[in-house]
Structures are given as C-alpha cells and as structure tokens.
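Read the structure below first, then the notes.
The values are calculated or read from the model by the stated rules, or taken from the named source; none is laboratory data. Bear in mind that the values here come from a model prediction, so they are computed numbers and not experimental data. Neighbour counts run over all protein chains shown; Cβ positions are idealised from the backbone, glycine included. Ligands, DNA and RNA are stripped out before the accessible areas are found, and what is left, the full protein with its side chains, is counted by its heavy atoms. Shrake-Rupley method; radii C 1.70, N 1.55, O 1.52, S 1.80 Å.
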Amino acid sequence: MHVGLSRVTGDGPKLIAGGDVFADINLSTLVESADGRITAVTSEPQGLWEWSQGKPPTRNTAATMQGVAFPVGIGLQPLPGRLVLPEENGGVAILDAEGMLQERIEASDLGVAPGAQAMMFDREGGLWVAWRSALSRIEYPSRISLFTMPDAVYGESLNLARTQLGVTTWRGPNLFVLAPNAQSARWALQQQASRTPVIMNLNSVNGSDYAATIQGLWPLDGGSPALPTDHVLEIAAVANDPERIWAGLRNGIALLQRKAGGWGVTLRKDVSFEVISIQQVDARTLWLSSRVGRVARLSLGSAGDLQAASILEFGQEAGLPKAAIAIEKLDDRLLFLVDRGGFLEFQDGRFVPSATVPLSETGAIVVAKFIDPMQLLATDASGSIRLLKRDIAGVFRVQRSVFDDITGIGISRSILVDPDGVVWLAADAGVVRVDPRIELPKAKPQQVLIREVSNNETPLFAGAGSVPAVSVNAGSNLRLGYALPSYRAPEMNRYRSRIRTVDGAEDWSQWSNETHRDFTNLPAGAFVFEVEALDATGGSSGIASVPITVVAPWYQRSWAVIAFWVLALALVWMGVQWRLRALRARSAELERLVAAKTEALHIAATTDPLTGLCNRHRFSEWIHDEIAAIQTKASAAKDDDAVDLFVAAIDLDHFKLVNDQHGHAAGDAVLKAVANRLLGFKRKEDLIFRFGGEEFVYLGINCHRNDGKILAEQIIKAIALLNVELDSGVLIQPTASLGWSVYPLYRERPELFSLDFVITIADRALYLAKQEGRNQACGHLPNLAVDLLDRAQADWRSRVFSRHPDFLKRV
C-alpha cells in the first residue's frame, strides 16, 4: 500500500523497476511464465499488465477483460497464453494472453453456488476450485468439450453436418448451429433462420450446402429448390463431375444439375425402397441402400446416363439382414454397415461379414466413421467409442485412444470428423467435441496405498502412512484394502494383487476395480502381499507391499528348520542381489547402445546425405520446436527490433542442363559446392535446409524485414562467385534465383499466417525472379494493414491473393 510492487530477497523487499505504478492499485493476480514474462491482473482499475524481468510494467490497453466478473481472486497460469481467474461472486474465467475471455466454468455447471474463492492444480493436472459451499475438481485443459442441447432438440437423435455456418444439426425445418453466445464466450447450439420444409438430411456437396427435405432439395445459399414434390432423403456428389448431384428419393434416384434458371433433372423411380445411402464406385457403377435391408446396384449407361441404367436389387436372399444399411467406401472397395450389426462386403453375388473390419473388433455398431483409410471410429449401444487402426495385414483392430476415456455421455448416434482431426459426436448428453491434438499436462504417477489390514474382522491397520509388518496365527483369515489416490476418472482405476512367499513369484490376480482382497486359512510362513494399480490413462502406480508373518503352532517349530530357512533365504538374497547387479550392468550397456543408435538414426533422418545440410524432416521439427517462441518474440517487439525470420527459397538456375550435359555426378558436385558456399556465408545462428533437387531454404534468424533485400542479394552474389571444377576439368559457374519473405508477416498478429504460407509467398517471389531472367533475388512483404484483409470466410487464407491483388509488395 502506497509503495508498489517489490521483489523480496534475502536483503528484504526491493521495489522493481517501475513498480511504483502499483502503489495505489489493487493487484489481485501475479504469475511468472517459464520464459520469464510476468503477468498481473488489477481490479481498480481493471486491467492486464505484462513485463519482463528488469523492465517496467506495461498495461495492455487492448485487454478489456470484458466478460470477467470482478472482483477476482488469485489467478493461475496452467498453460502458456492462458490465465485462469476465480470470480469472487461468479465462476471461473479463462483468458488468453490478450485478456480476451476464451472459456468459462460456471458454478451452475457443477451444481454449486456461485463464488470461486481459491484455486490450485494437483499433481495430475486437475483444477481444484474452492466455492463458497463446495470443492470441485475439473479437468483443464481437456480434450473433451460438451455442448448441451437447447430445449428445442433435447432428447432427439441428432445427426451432425459441417456446413459453411459451422457444425450444424437440425430438427423439423429448423437449423441449429454451434456458435458463441452473444452474452459470453460459451458456445452453444443456436437456432438459425431457415426457409426450408422439414429437413431429412444435410450435406455439403462440391462446396455448396444442401438440405434434403420432404419437399425437394434446397440450396442453403438461396435459389429455387429441386424436386419440390418429392421426398429427398440423401445427397451425394457425382464422381468426377462437380456440376451434378445424386439425390436419394422414395422409390427412386435423381441426377440433378444446378443451372442459372433452375435445375436439370433426370429421374428413375423404379427402385423398391427409400434410398438413404448412395455410393458411386466409378463412372458406370452406383450403389443404393435402404432402411429395410435392401440394396441396389445400378449399371449406368455411357457418360453416366441414368436413364439407360440397369438396376439389380439384393435382399435377404443375398445375405442381407432386415435392417438399415449404410454404404461406406474404403480404398477401392465398398463396405455395407448394418445398423446394430457390423460391416459386410459384396463377394460373388452375396453379402458376407467383412474380414477387413471384423465384427469381433467393432462389436454391434450404432454408427461408424472412417477418419481416413487407416482409422475408424465406431460406437455401440452401451455408449462405448472405439478407435480401430489398420494393422500391417490390412485388418482394423481396436486401439487404446482418448475415446476410451469418454464416459457418461450416453449413446453417440452421429460422428463428424473435421479435416484437422477434431471429432464431433452427437450423443444423448449433447454435442461432444474431441480434440486428440491437445497436449494434456503430464500427470505425476501416484503411488498405490495399502489402507486397511484386518484379521478375522479385527483391525490391524487403518489409515495412511507406512504399513507395519503384520503377524497372524496360522489358519487366520486376512483382508487387505488398498486405493489409488488418482482423481482422473477414478472409476476406471484397476488393481491386481498377490500374496507370495518371501522368495516366491506367485501369479498376479486378474485386473479389476475391486479395492480389497481376502485370504483364508493361511499356512505358516513368511509372505509378502503386493498390490499394483493402473490409473485411467493406463499409467502404473508402482507396487505397494506389506510383509506378513504367519506364525506356526508350537509343535511345528524346529531350530533346525529355522536355521535351514535362514541360510536358504540368505543364499536367495545374495543370488537376487548378484543377479540384480548383473541385470543393472547389462541394462546400462543396452541403454547406452540404444541411445547411440537412436542418435545416429535421428541424424540420418534429419540430414541430407549429399550436402550434409538439414533436410525437410528437420525443417518440420524446427518449426514445431521454435515457431511459438518466434511468434511470442515478434508480438512483443518494437518496429526497429530485429526479430523477423528471413525466409528465402533458393533454386539453382539451369541445373537440369548441368545434369544432362555433364552427368549426375557433376550435378552432385555443384549441389555440394553451393551447400558449402552457403554454410560459409551464413551467420552463426542462421539455418540452411535442402528441400530436394536443386531447391534450398535459407532461414535468417533475428533479422529485420527492411534488411531482407540486402541479405538476399548477398546470397545471390555469393553463389555467383562460385567456380566448380569437375573431374573432367570443366569449370561450372552456377547461379541461383531467390525468392524471399519474412515470418511473421504481421508482427502484431503472428498467428494469422503460418510459416508454410510464408514459404509459399517466397516461392511466388522465386518464380518471379526466374521469369525475369534468373540470377537475381525478389522479395515480397505485406502491402496491406492486417485490418484491411477480408477474413469473413473460413477459407480466407486460400483466397487472399485473389481478393487482394495488392496484398503483397515487391521488395
């Protein structure tokens, strides 16, 4: 109070640089990230402050903290770029690095009264919140998010589709789109205006969204419907024809073509069932399926002529069960999915159980979705979600995955997979988003504990701490209880145990969720009880043990027997110790060999064998390791700070001519000479990669974009001064063309354009340098302010050049 922010050392508190700014400001949160950045939250005035060690605090004026209910308590930083704040009269607000509200944890979600008082993270990464009336433990961050359904669709069996509006579902004529609530950062299914009749299906075909309804096919982007007097049940693209669409009807199939004045329609209404699934194998073959266990194969006429097509239907006589059937395409074959059954394949005129996706692996399927040709997601009536992966024999087998940890959402009836790998499930509990890419905090392994020992119902030990040795009489009944202090899905903790003689190795029990073990009529001797546990992720807890002595009756005691057993145990102990030493020595040697081999393999995998430069694989590793730091540094830099990454694509001129005239050995010599010249030219911190052929990528670390042209021209001159003498005595003077740009394109928004996008810009500049005569450099830098870019559509990056011809300026 009235002093400011001080750092406390052994010499007492010392005011930090600029710390007096907090002399009369209430500072509620102060956290330091791994990179030394300090973040503070103040209540009066409400604000977000950031600075580095030795620098004065700076208020982030762009951080409005909108949506945070002040006053707040002491916040935490679970991940870089995330700040968790407890609201003393509300819930928990989760902010990004710019102070924007990203998520909320409401007290009502957990069934407690509002008012988050304090927080902590446990050793398994769980967030504990002390509310006014309760304690809660929350998995954050989590790969799984649940979006509850609005009352209008609650209890419905929904399907999901990805439209231009986003993740979409429907009921009757109404569309519901997953979107952020206008009053908070929370996402929910929200009803969208729709002009369609009752919707039967929704699909995106050839870049346009369509609703299959009871009154035809309706484009969601406007325009007149097709087949307004027909029930349309399914929509599919025509193979190799982006202008036409298949539409499944009641007792028929239609081929549609959208035109300026309406629709071109070709109809066949001689199918005996409602078409609910369509798959086109090739230009001449089309398969249709139904809800009643019937399938049809259409042999189309020339040029996909539907009118000339012959139709052959199959039913129970061909091995099909009387159930709904969906058709899936895998590689060049078709799979027929039976509702509440498995996959079938069509062989020699009959439908037989699939050997590629066996029922023994999938179980009875409610819904299934191929993520890609190597992975399949399947759900069953028990609510289980299984991930199957293709093995070396081409057969799909169940694999452990993040989906195994999903419980309590009911049956999943629809699966949607985004191109980026995010999976959406329409389940009884709501819409579930699963992002396998999220890295969870690595939980520290918990030690399984022995919590109870009783003899004939008489307690010998109870509670926590070290378990004392147990001594009981022969013939006693012993109960041992145990627990794993893991809060991550504790209902999925599993245990196995055994009681063995001191020098024995008896078999373990089967894994189960039982938390105690009973032993009856124990014989005399010395035993060890051992228990091991696995948590929800399959992580081992180690082994807890307690020595147990079962005392023999007096008439079974013998000094000779005792002496023998003492000697035998001593020999066994010595043998075990000797063996352990030998195993440790052998293990250390094997670890050393494996480490050396691993390092050699990594060098081979990341190095170009011809030039010794790093290869494209090493480039990908470097991006993964360094790009976040580059973005952070750039976003905090001043205009004149040299924090840009200079990205140059270099291509040797007329290299093919060298190979054609002098042979590939000459080409290799030129490539090695150019690589050596670039290595000799580069600064210590710069990196050079060979992408293949005569293409190189030069990364200049900590450059300024205004110096990029100078560096590019220096590289071109350095290569042009090179003379390569071949074994034949021929002198070759290679030249190169260079295209360059910088990363990030916009320092203030480094995340907008990836490094791959910047390389694409450099390639465009390289192409321009080639067109203008080669042996020269050409650079591109952004010409428009970031706020002038049209980013209204999801694919705005791919269209930025067409929408903004002046997006780049030549340098």
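Assorted remarks:
- The length gained on full extension between S545 and H617, counted as 0.36 nm times the residue separation minus their Cα-Cα distance, comes to 21.2 nm.
- Stokes-Einstein D (µm²/s) once Rh is taken as the Kirkwood radius of the stretch 1-99 over alpha-carbon pairs, at 4 °C in 1.567 mPa s: 93
- The fraction of accessible area contributed by carbon and sulfur in the chain is 52 percent, rounded to a whole number (1.4 Å probe; ligands and nucleic acids excluded).
- ³J(HN,Hα), Karplus 6.51/-1.76/1.60, whole Hz, each residue of the stretch 797-811, x for Gly, Pro: 5, 5, 10, 5, 6, 6, 7, 10, x, 9, 4, 10, 10, 7, 10
- Here, the stretch 696-802 yields an orientationally averaged convex hull projection of 8.6 nm² when only Cα atoms define the hull.
- Candidate lysines for bridging to K709, where Cα separation is under 23 Å - those fewer than 8 sequence places away on the same chain excluded: K633, K638, K682, K684, K717, K770, K809
- Most to least accessible of M119, M1 (protein chains only, probe 1.4 Å): M1, M119
- Gyration tensor (alpha-carbon) shape descriptor, the stretch 46-159, a/c threshold 1.5: prolate
- 5 Å-binned pair-distance histogram of the stretch 443-560 (Cα, whole percent): 2, 11, 21, 22, 18, 12, 7, 4, 2, 1, 0
- When the stretch 353-506 is reduced to its Cα atoms, the Kirkwood hydrodynamic radius in Å: 19.5
- Shown here for the stretch 388-484: trypsin sites (Lys or Arg not before Pro) in loop regions (DSSP other than H, G, I, E, B) with at most 14 other Cβ atoms within 10 Å, namely R400, R437, K442.
- Derived scalar couplings ³J(HN,Hα) [the stretch 164-180; Karplus, 6.51 cos²θ - 1.76 cosθ + 1.60; whole Hz; x for Gly, Pro]: 5, 7, x, 5, 10, 9, 7, 8, x, x, 9, 9, 10, 10, 6, 8, x
- Across the stretch 1-54, Cα-Cα pairs more than 13 Å apart make up 61 percent of the total.
- Volume of the convex hull of the stretch 258-366 (Cα atoms only), normalised per residue: 130 Å³.
- Taking the C-alpha atoms of the stretch 619-666, convex hull volume expressed per residue in Å³: 113
- Dividing the helix sum by the residues of the chain, where each DSSP H run of 4 or more adds -39500 (n - 2.57), gives a mean residue ellipticity at 222 nm of -5500 deg cm²/dmol.
- Full-stretch length increase - S798, Q661 - with 0.36 nm per residue and alpha-carbon distance subtracted: 45.3 nm
- Prolate is the label for the stretch 545-607. Its Cα gyration tensor axes, ordered a ≥ b ≥ c, give a/c of at least 1.5 and a/b above b/c.
- Length-normalised contact order for the chain - Cα pairs under 8 Å, 6+ apart - percent: 5
- By definition, a body whose alpha carbon gyration tensor gives a ≥ b ≥ c is oblate when a/c is 1.5 or more and a/b is not larger than b/c, and the stretch 587-654 fits this oblate description.
- Considered as an equivalent ellipsoid built on the Cα gyration tensor, the stretch 606-754 has semi-axes of 32, 16, 11 Å, the largest given first.
- Within the chain, the whole DSSP H helices whose Cα atoms reach 30 Å or more along their own axis and whose mean Kyte-Doolittle score is at least -0.5 are 559-606.
- Average 1/r across all pairs of distinct alpha carbons in the chain, invert it, and you get the Kirkwood radius: 33.3 Å.
- Gyration tensor over alpha-carbon atoms, the stretch 163-236, equivalent ellipsoid semi-axes in Å: 24, 12, 10
- Whole-Hz couplings from phi, Karplus 6.51/-1.76/1.60, listed for the stretch 334-344; x for Gly and Pro: 10, 10, 10, 8, 8, 4, 6, x, x, 8, 10
- Longest DSSP-loop-exposure-free segment, GluC sites (Glu not before Pro), the chain, at most 11 other Cβ within 10 Å: 1-438
- For the stretch 184-281, trypsin sites (Lys or Arg not before Pro) are listed when DSSP marks them as loop and at most 16 other Cβ atoms sit within 10 Å of their Cβ; the list is R186, R195, K269.
- Annotation for the stretch 657-744: trypsin sites (Lys or Arg not before Pro) lying in DSSP loop with at most 15 further Cβ atoms inside 10 Å of their Cβ are R683, K684.
- Distances between placed amide hydrogens fall under 5 Å for I371 paired with L376, L377, all partners being 5 or more residues away or on another chain.
- Entry comment: accessible area of the chain is 51 Å² per residue, from protein heavy atoms only and a probe of 1.4 Å.
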